[in-house]
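To start, the structure itself, in structure tokens.
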Amino acid sequence: MGRYVVARLLQGCLTLLLVSFVVFVLTRSSGNPAVLNLPATASNADIERMTRQLGLDRPLVEQYGLYLAGLARGDFGESIRYQVPVDELLAARLPASLELAGIAALVAVVVACLLGMLVPLTGRRSVGAAVNAVSLAGISLPAFWVGLLAIDLFALRWEMLPVSGSGTPAHLVLPVLTLTLFIAGGMTRLLAAGVSEVTAGPYVRAAHARGLSTRRVVFGHVLRNASLPVVGYLGAYLPLLISSAVVVETVFVWPGLGSLAYDAVVARDFPVIQGVTLVGSAIVVLVNLGADLAIAWLDPRIRDGVAG
Amino acid sequence: MSRLSNRRSNSALRRSTGVGVALLLGLSAGCTAAGDPEPAEADLTVAVSSLGKENIDPSADTLATIGVIGAPIYDWLAWPAKDSTLGPGLATSWTESADHLSWTIELGAATFSDGTAVTAEDVKFSIELHLDPDATSSLSGLWRSKVTSVTVNSETSLTVQLNSPWPTFPDALSPYEGAQGAVVPKAYYEEVGAEGFRAAPVGSGPWRFVRHDLGSAFVYQRADPDSYRQPPGYENLTVKLVAENSTRLAELRSGAVQLAEITPDQVAQVREAGLQVLEIPDFTDTALTFFGEGDPRAEDLPTGDVDVRRALALAINRPELVERVLAGYGTIPARFIVGEGTLGYDSSWQPESYDPNQASQLLADAGYPDGFTVDVYSAPIAGAPWVPRAVEAIAGYWQAIGVQTNIIPTDYGTVSSLYRQRPLPDELIGAAMVNLSQVTNSNITLQNAYYPSSSVVYLLPTEQMDTLSAAASQAQSREELGAAITEMVDYADSQYVAFPLARTPSLFGAAASVAGWSPYQSGYLGMQLEELRPKS
């Protein structure tokens with residue numbers, strides 16, 4: 001198992017190196033940030049000076065080499081827009097994003113488990129249709145629109161929650177709700193299908209026949225086996241969750257990496273774009289590793305394969 | 001599954017669901033209790049679409065940013081009156097030398113919010129910050145090219161030496177022209193350094209700085225200054241960044257903010273909600289700009305012909321555009337970005353009429369009776385979501401005279417970094433875009449950024465434009481400068497490289513509890529905030 005984890009971590013490092021190169025090249029093909037970060041009345045000499053200061057007049061390979069050398073020292077560079085070290089920005093914003101995405105993922109798992117079990121265990125078509133409709137809506141509705149609708153209903157009409165911002169649990173509810181709807185939709189459908197398949201399995205009937213309580217059957221056998229694809233889904237859906245968080249954080253003025261990334265892209269703030277992308281990619285790599293390990297833990301067949 | 005196990009499952013499920021619902025309800029109830037407290041009457045929170053680079057140091061950010069986040073805490077040497085004429089600020093007088101190569105400034109009594117007096121040394125230091133080659137403030141390049149030295153004569157007097165006459169130098173000391181007139185305390189700045197000053201700036205304005213949450217907000221407190229400006233009507237001021245238009249409006253409707261930047265299409269919703277609409281008049285010009293004039297690559301292209309550009313301009317029904325796209329919130333300017341308070345403004349200037357027949361005739365005369373296809377870049381701009389709709393409307397007007405529009409959707413950062421490249425990239429030659437520019441009462445802005453080849457956004461790098469611009473730069477008196485600017489603006493207007501579509505106010509939704517303001521025409525938001533008061 002240890003060798004497997006080390007191998008996956010090394011693979012993750014290679015992935016991050018590739019991501020850093022692709023993002024580095026793409027950002028630099030999108031324009032010179034000096035012209036966007038100087039006033040319109042700046043002279044061409046001003047632009048040339050700032051371009052030199054940013055090191056953008058050097059060959060691309062040299063720029064990338066310097067960037068990697070900085071990364072090796074833990075130096076992500078300095079934000080062109082805010083003129084502060086990128087690692088400070090990331091440190092200030094990352095906790096808020098992790099809080100939002102983490103709670104949203106957790107709530108989504110709870111909701112998906114409840115809804116996913118509701119359909120096969122009740123066996124009612126009407127319940128199945130309702131859950132199907134809700135989960136389809138979660139997948140199909142744009143997070144941007146859901147966010148604005150949630151603001152209109154919960155903050156303006158019913159005055160239950162603040163429109164936007166951060167700092168109290170109340171501020172978390174609407175962005176979490178918006179992200180949860182998005183993640184839980186797909187997860188519910190997978191779990192419902194999984195539960196249907198598992199409950200029809202012979203070992204579940206055998207468990208009932210042995211006189212095990214329904215709770216032990218549901219939580220010990222059905223849910224454990226039905227959750228395998230869901231864990232995989234979480235890992236695969238994380239990049240989408242991160243990209244949705246950009247929209248959700250902007251709509252709810254949530255001070256996370258998403259809104260930072262949006263501002264950085266608009267201002268062509270290369271170091272911040274690179275920093276946010278790298279951190280986001282590292283999270284995806286780590287969560288996918290975690291998901292694979294969780295699947296291995298849940299499924300002895302895979303666990304044995306990994307250990308072997 | 002058997003009926004029995006089904007019942008058992010249902011029972012377990014009901015219990016689990018019940019626990020889950022109870023948890024969610026508990027969370028929701030706890031959250032509601034912990035929600036935003038109602039803002040106190042002494043608090044004014046303002047939601048804006050951009051905070052620029054969020055650098056409150058006057059020498060390090062654009063005037064558009066300093067005019068919003070810096071104006072509450074800094075005083076300027078000169079301060080405009082409501083009719084756009086220049087009045088005293090920290091300076092009580094300014095005198096030009098006989099040889100036109102220096103200006104002497106006399107200061108009145110004022111104190112910074114840390115209790116120290118504003119002196120001539122502070123003013124010299126503040127100006128010299130902009131003379132540093134690394135200063136990135138608006139017009140710092142111009143100041144570097146004009147100012148040779150600053151000499152302190154006494155505690156309250158200093159002289160600025162120039163290398164060429166600058167008849168409107170006093171105007172340059174006001175917030176209409178730049179941040180160079182904003183004064184910071186030398187001793188404090190030197191003690192804490194540029195980074196320390198940015199983190200905790202000090203000025204002599206009506207508010208004192210409290211806190212900056214990067215990417216979120218600036219917080220201020222009333223300072224009750226002994227200056228020429230009004231004491232603020234609120235004890236606490238927060239200027240917060242809410243980039244999304246709909247969220248800003250929702251914040252206003254919920255009472256979380258008392259003032260929010262809005263777009264013209266949101267005015268009806270603001271009024272329906274029983275809120276007020278406040279305006280800073282004549283703030284922004286939306287214009288159709290063409291790229292490549294003066295470039296040999298554009299000579300054989302349709303839009304390289306001034307008559308074709310005029311035809312395209314005449315085909316646009318601007319009053320209808322204002323009504324449909326800007327919800328009626330706009331006027332038709334006679335000249336691009338020239339404010340009525342600008343030196344050289346000519347009150348006889350009239351906007352061109354909508355005339356599609358003449359447009360068709362001009363196209364036919366120019367050799368395009370069957371029209372052609374033109375590329376138009378369409379990029380939404382912060383605070384101006386109507387731009388893509390304006391592009392679509394223009395495409396419709398041009399189709400009526402046989403011109404097809406190839407709309408290129410893009411983001412503003414991409415296209416603006418393209419049109420600032422020298423030489424212009426091939427794809428921009430002969431193309432157009434709908435762009436926004438702030439209406440200016442600044443002679444300097446007009447003089448130095450009105451499209452000559454020396455400016456960053458040169459739309460008209462022709463020999464004639466450069467000659468006119470140089471003449472304006474060398475003017476020795478206000479009269480000479482005014483005449484030069486009039487001629488320059490008229491020439492630019494005749495070339496149809498930047499055809500003004502509409503002049504819009506800067507719009508704000510305000511809570512019913514806020515008394516209105518008497519705005520500075522084309523002034524920055526930060527200049528207005530001390531005027532706002534709770535309704536009595």
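Just so you know, all these numbers are worked out from the coordinates, no wet-lab data involved. None of these values were measured; they are calculated from a predicted model. Using ideal geometry, Cβ is built from the backbone for each residue, glycine included, and neighbour counts are taken over all protein chains shown.
Annotations for the structure displayed:
- Ratio Rg/Rh [Cα only; Rh per Kirkwood] for segment A:90-307: 1.03
- Mean ellipticity per residue at 222 nm, deg cm²/dmol - from DSSP H runs of n ≥ 4 across the protein assembly as shown, formula -39500 (n - 2.57): -15500 deg cm²/dmol
- The Kirkwood radius of segment A:1-147, taken over pairs of alpha-carbon atoms, gives through the Stokes-Einstein law at 4 °C and 1.567 mPa s a diffusion coefficient of 63 µm² s⁻¹.
- Counting, for every residue in A:153-164, the Cβ atoms of other protein chains within 10 Å of its Cβ and taking the mean gives 6.
- Cβ-derived FRET efficiency at R0 60 Å, B:A512 paired with B:E487, nearest 0.05: 0.80
- Rg/Rh (Cα only; Kirkwood hydrodynamic radius) as it applies to chain B: 1.05
- Placing unit charges on the Cβ atoms of the charged side chains and taking the dipole of the protein assembly as shown about its Cα centre, the candidate lying farthest along the positive direction among A:V217, A:V284, B:L139 is A:V217.
- Once C-alpha pairs closer than 8 Å and six or more residues apart are averaged by separation and normalised to the residue number of chain A, the relative contact order reads 26 percent.
- Averaged over the residues of peptide B:234-247, the number of Cβ atoms from other protein chains lying within 10 Å of each residue's Cβ is 4.
- Span from the segment A:1-79 Cα centroid across to the segment B:343-384 one, whole angstrom: 42 Å
- Principal axis dimensions, largest first and in whole angstrom, of segment B:296-440 by Cα: 40, 35, 31
- Estimated dipole of the protein assembly as shown in Debye, rounded to 20 [Cβ of Lys and Arg +1, of Asp and Glu -1, Cα centre]: 6140 debye
- Burial order of peptide ranges A:107-113, B:178-184 (average beta-carbon count within 10 Å, highest first): B:178-184, A:107-113
- Residue among A:Q274, A:L16, A:V131 farthest towards the positive dipole end of chain A, charges placed on Cβ: A:V131
- A Cβ-based charge dipole, computed about the Cα centre of chain A with Lys and Arg at +1 and Asp and Glu at -1, lands at about 1360 debye.
- Loop sites in segment B:199-284: GluC sites (Glu not before Pro), DSSP, at most 15 other Cβ within 10 Å: B:E235
- Overall form of segment A:97-157 per C-alpha gyration tensor (a/c, 1.5; a/b vs b/c): oblate
- Each of the trypsin sites (Lys or Arg not before Pro) that DSSP puts in a loop and that has at most 11 other Cβ atoms within 10 Å breaks chain A; the longest unbroken stretch is A:74-209.
- Between segment A:119-138 and segment A:230-268, the alpha-carbon centres lie 29 Å apart.
- Listed by chain and number, the lysines placed with their C-alpha closer than 26 angstrom to that of B:K186 are B:K53, B:K124, B:K146; residues fewer than eight positions away on the same chain are left out.
- Signed unit charges on C-beta, dipole axis of the protein assembly as shown, positive-most listed residue B:G215, A:I242, B:A366: A:I242
- Simple Cβ-charge dipole of segment B:282-506, Lys/Arg +1 and Asp/Glu -1, about Cα centre, in debye nearest 20: 620 debye
- Rounded D (µm²/s) - the protein assembly as shown, Kirkwood Rh over Cα pairs, Stokes-Einstein at 25 °C, 0.890 mPa s: 82 µm²/s
- Rounded to the nearest 0.05, the FRET efficiency derived from the C-beta distance between A:L14 and A:R215 at R0 = 41 Å is 0.35.
- Most fluctuating residue given options A:L241, A:L286, A:L26, as computed from a GNM of chain A linking Cα atoms under 10 Å: A:L26
- Listed by chain and number, the aspartates and glutamates whose C-alpha is less than 12 Å from the C-alpha of B:K535, apart from same-chain residues fewer than 8 away, are B:E41.
- DSSP beta bridges in the protein assembly as shown [antiparallel fraction, %, rounded to 5]: 80 percent
- DSSP-assigned coil residues among GluC sites (Glu not before Pro) in segment A:148-255, each with at most 15 further Cβ atoms within 10 Å: A:E159
- Of the DSSP H helices in chain A, those with a Cα length along their own long axis of 24 Å or more and a mean Kyte-Doolittle hydropathy reaching 1.6 comprise A:86-122, A:228-251, A:270-298.
- Interchain or long-range residues, amide H under 5 Å from B:W76's placed H: B:L90
- Prolate/oblate/rounded call for segment A:2-72, Cα gyration tensor, a/c under 1.5 rounded: prolate
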